[in-house]
Every structure is written in structure tokens, then in C-alpha cells.
Amino acid sequence: MQLSKTVMAIGFAFAASQSFAQTEITFWHAMGGELGESTNQIAEDFNASQSEYRVVPVFKGTYEEALTAGIAAFRAGEQPNILQVFDAGAATVIGAQGATIAVQDLLEANGVNFDIEDYISGVRYFFADSDGKMIGMPFNSSSPIMYYNVDALAAAGVTPPATWEEFQNVTAPALKDAGYIALAQSHLPWIFTENFHSRHNLPFATNNNGYDGLDTQILVNNDAIKAHFNAMTEWQEQEYFAWYGTGWGDNQTPFEEGKVAIWLGSSGSFGGLAAKDLGFDFSATNLPYWEAVTTEPTQTFIGGAALFAMAGKSEAENAATAAFFEFLTQPETQYKWHRETGYVPITTAAYELAKADGYYEEAPAAEVGIQQLSLPAGENTAGYRMGFYVQIRDVMNREYGRILTGETSVEDAFANIEKEANDLLSRFSRTQG
């Protein structure tokens, strides 16, 4: 009996030592609600898949709040192992010297095979440096797409417009006659500025859209986008287009209520829309383009966020982070995330798995974001890298609101955006000197 107790004690001690030997890492993110539940489930699945590492996800509020918390923690030497950073904040965290380890370097140093060509075209370079090295691991990647009320378009006798010329000359008048507001959208800087430039392969900033240097100037004050905003003001007067404010949901809700026939939103919104009883069928297709600007439209930028490996951690913790990133890119993990959230699978293998499983036969609209990100690329479609871009977006939102409420002209608004954005970019450059 005494021997048995001794053996049991040794066994418990061994188990305890094994448990204590497990390397734990922290993952700060901005995924709330159902997205947060899916994020937590990924962490649980990773933890259950092996016994050497444990990842602890921590919700840190909005994208902006998570970024602010991450920067403050880094300055205090208390940074997490992994920080989720959204598209507009990428330049800030990448520009912070010594704050992160490039994900490509991290993976390769820990024996994980890495080939940037494994990632779908529109995802590869947004969080990379000017040499094409991936710095942040794309996580919740999305693209703005055109959702439409199938029943509304059928009632109006029209099909989804491929071009903005078709929208204003054919689609919008027919939808108005059928009793609908033709168009709404949920993020003017993302959809009608950043992705306007990518869709038309127009330069968005100097220095290769900001990737090649800090002395960057924004190029948003150009004839093509000003013509687009002038057209929008005319659509608004004609009751073809409605703007409900800067709130994402403020513009999505009228579409869900059946008042707006076409809504420009995120491909990552598909899962939420599909889960609702809208009372009508919906589908999606690519963003329209202006044929007057280009007859060869290109792919869009991704939105969403990436995961950055924070520097200053032990080799064991870095190995744990690399293992978690490797788990995240497995086709099965990506496919599950894609199905549950609507965000695009970031690798070709995951996309092929979804196709082989027949998912897009069941939900064709779920494929649109990937298809759009896989359109032909151009020299201006990899993404952008501009410091203080969160504040620049705020300037855009302010000026766009003034345009759409009749407080200023398109010409004056874009002149203000150009001046204030370039002042911010200059200030950011000085902070990095």
C-alpha cells in the first residue's frame, strides 16, 4: 500500500512538472462578440492539439484600443507575445523600432516552412516590407464587396452593375422606380478611397504607396476620385445613394431592413448576414469600377488585421508563437475560420479545401471576397504603408461628412485632406528619425 502511494505521488509530481513546463503565451486581440468566440475557439483548438504550448487570448477592446494598449505595454516592457493590429495601424507598429519580429523570420527560425506564394494574391504583401518579406501574419482578412438584395434587383428588372456608369445610368434609376434606395456603404475611407485606388490601380501615395520610405505624401487629391465623389453627391440628390453617417451598422441596417438594395460592406460580414432572417435573398459580387478610369480593373486591398509577434520574448515563447502561427495557417483551421466568420481564407490550400468541400456551391457569396482579391494585380494594389493613418482616416471621415451634408465642396474637402494628411505623415516621419 505504501509503495502504491509513493508511486502515485511520483506520478502526480511528474504530471505537475509536465504541466508547469508548458510554455504560455498571451494574444491580445480586438475581436468582440461572435468573432471573439471564434477567436477563443481557435486558441482552444490549438491548445488541445498539443501539450507543449498554451496560448491565452485576451480581448482588449476596439482595434484602436488594442493598438494603444499594445504600444503602452511595449514601452513598459510588458508587451504580449502576439498583438492584433488592424490595417490602418500597421505602419505604427512596424515603424516602432525593435517592437516586433517579422513573422517570416520567426517561422523560418523555428523550422516552419514558409513560402509567401502559398498565400492568396491579395493577402501576400499588405503586411510585408518593400522587399516582400512578411512582417505581420494576416489573420482576419477581408475585402470590401458589393452585397445586393436579389429580390429588389429582380423587382427592378436589373442585374448587379459591373461599372459605376451602369449603376448610375441603368441600375439606380430602376431601383428608385421600384421603391428602393439603390446604394449605401459602410466605410468611405476604406471602400471609396483606399480600395478606389486599388480597384483602378491608381497610386495612393508616393514612395510605392509608402512602403519605400518615410518621406511619403498622400496622392488622394486626384481627378478620378474627385469625380467619383462629385458623382456621389449627384446620386444623393437623385435619391440613388444614402449616407447614414460614419457608423458601420448605421449604413448596414437599412440594407438588412430591405430599404437599400445594394450595400458595400466587408466580405467578413457574410457570416453575420447569413445568420439573420432578412426576409429576402441576398448575394454579392465585385465592387464596380469606372470604365472612364480603367478598362482593366484590378484587385482590392485587404482589410481587417494581422497578428504581430512582439519582440523581447524568450526563445521558448517565440517558438510557441511560431507554432500558433503555423496552426493558424493550416487549411483546416483557415477553412473553419472562413465558414464561421466570413473572413477570407488566407492561403491557397485553404481556399482549395473550401472549394473541394462544396462550400461555395452552398454559399456562392462567400467566395466573392477571395475572387476579388485574386483578380489581376497592378503596381498599386499591394497595399499602403502610412504612419498616423488612423488620424488620416479621421480627417477623411470629417471631410466626407462635410461633403455629403453640403457643408463643403469636393474640391475643398480633398485639398484639406491632402494638406492635413501630409502634415501628419511629415510628423510621423520626424518621430521615426
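The values are calculated or read from the model by the stated rules, or taken from the named source; none is laboratory data. Predicted model only: the values in this text are computed from it and were never measured. With ideal geometry, Cβ positions are generated from the backbone for all residues, glycine too; neighbour counts draw on all protein chains shown. Heavy atoms of the whole protein, side chains included, go into the accessibility calculation; ligands, DNA and RNA do not. Shrake-Rupley method; radii C 1.70, N 1.55, O 1.52, S 1.80 Å.
Taken over segment 303-353, the criterion of being in contact with a strand residue (DSSP E or B) (Cβ under 6 Å, 6 or more places away or on another chain), among the small types (Gly, Ala, Ser) and assigned to a loop (DSSP other than H, G, I, E, B) is satisfied by 311 alone. Sub-8 Å Cβ pairs linking a first residue in segment 362-386 that is within 21 Å of residue 210 (Cα to Cα) to a second residue that is surrounded by fewer than 19 Cβ atoms within 10 Å (Cβ to Cβ) and of a type in the set (Ser, Thr, Tyr), at least 6 apart or interchain, are 373/121; 377/121, ordered by first then second residue.
Somewhere in segment 251-258, is a residue out of contact with any strand residue (DSSP E or B) (no Cβ under 7 Å at 6 or more places or on another chain), in a helix (DSSP H, G or I) and hydrophobic (A, V, I, L, M, F, W, C)? No, segment 251-258 contains no residue that is out of contact with any strand residue (DSSP E or B) (no Cβ under 7 Å at 6 or more places or on another chain), in a helix (DSSP H, G or I) and hydrophobic (A, V, I, L, M, F, W, C).
Among the residues making up segment 323-335, those that are free of Cβ contacts under 8 Å to residues at least 40 places away in the same chain and crowded, with 19+ Cβ neighbours inside 10 Å are 334, 335. Does residue 53 satisfy the condition of being under 18 Å from the mean Cα position of the chain (by Cα) and on the phi < 0 side of the Ramachandran plot? No, not satisfied. Considering segment 207-265, and only residues there that are among the aromatic types (Phe, Trp, Tyr) and in contact with a Pro (Cβ under 9 Å, 6 or more places away or on another chain), the residue that is farthest from residue 179 (Cα to Cα) turns out to be 244.
Listed conditions (1) in contact with a Ser or Thr (Cβ under 7 Å, 6 or more places away or on another chain); (2) not in a helix (DSSP H, G or I) are all met by residue 271, apart from (2). Annotation: of all residues in segment 202-240 being in a loop (DSSP other than H, G, I, E, B) and among the β-branched types (Val, Ile, Thr), the one that is surrounded by the fewest Cβ atoms within 10 Å (Cβ to Cβ) is 220. The lone criterion from (1) in contact with a Lys or Arg (Cβ under 9 Å, 6 or more places away or on another chain); (2) assigned to a loop (DSSP other than H, G, I, E, B); (3) within 26 Å of residue 423 (Cα to Cα); (4) not small (Gly, Ala, Ser) left unmet by residue 300 is number (3).
Only residues that are within 17 Å of residue 346 (Cβ to Cβ) and within 20 Å of the chain's Cα centre (by Cα) were counted in segment 289-323, giving 11. With respect to residue 50, determine if the residue is over 18 Å from residue 345 (Cβ atoms) and at pLDDT below 95. So residue 50 does not fit the description; no.
Looking only at residues in segment 388-431 that are open to solvent by less than 70 Å² (accessible area, probe 1.4 Å) and of a type in the set (Ser, Thr, Tyr), which one is modelled with the lowest pLDDT? Within segment 388-431, the match that is modelled with the lowest pLDDT is 429.
Which of the residues that make up segment 241-274 are crowded, with 22+ Cβ neighbours inside 10 Å and either over 27 Å from residue 343 (Cβ atoms) or of a type in the set (A, V, I, L, M, F, W, C) (or both)? Of everything in segment 241-274, those that are crowded, with 22+ Cβ neighbours inside 10 Å and either over 27 Å from residue 343 (Cβ atoms) or of a type in the set (A, V, I, L, M, F, W, C) (or both) turn out to be 241, 255, 260, 261, 262, 263, 264, 270. Within segment 57-100, the set of residues being more than 20 Å from residue 214 (Cα to Cα) and part of a strand (DSSP E or B) comprises 57, 58, 59, 82, 83, 84. Number of residues in segment 155-182 that are buried (at least 22 other Cβ atoms within 10 Å of the Cβ) and among the hydroxyl-bearing types (Ser, Thr, Tyr): the value is 2.
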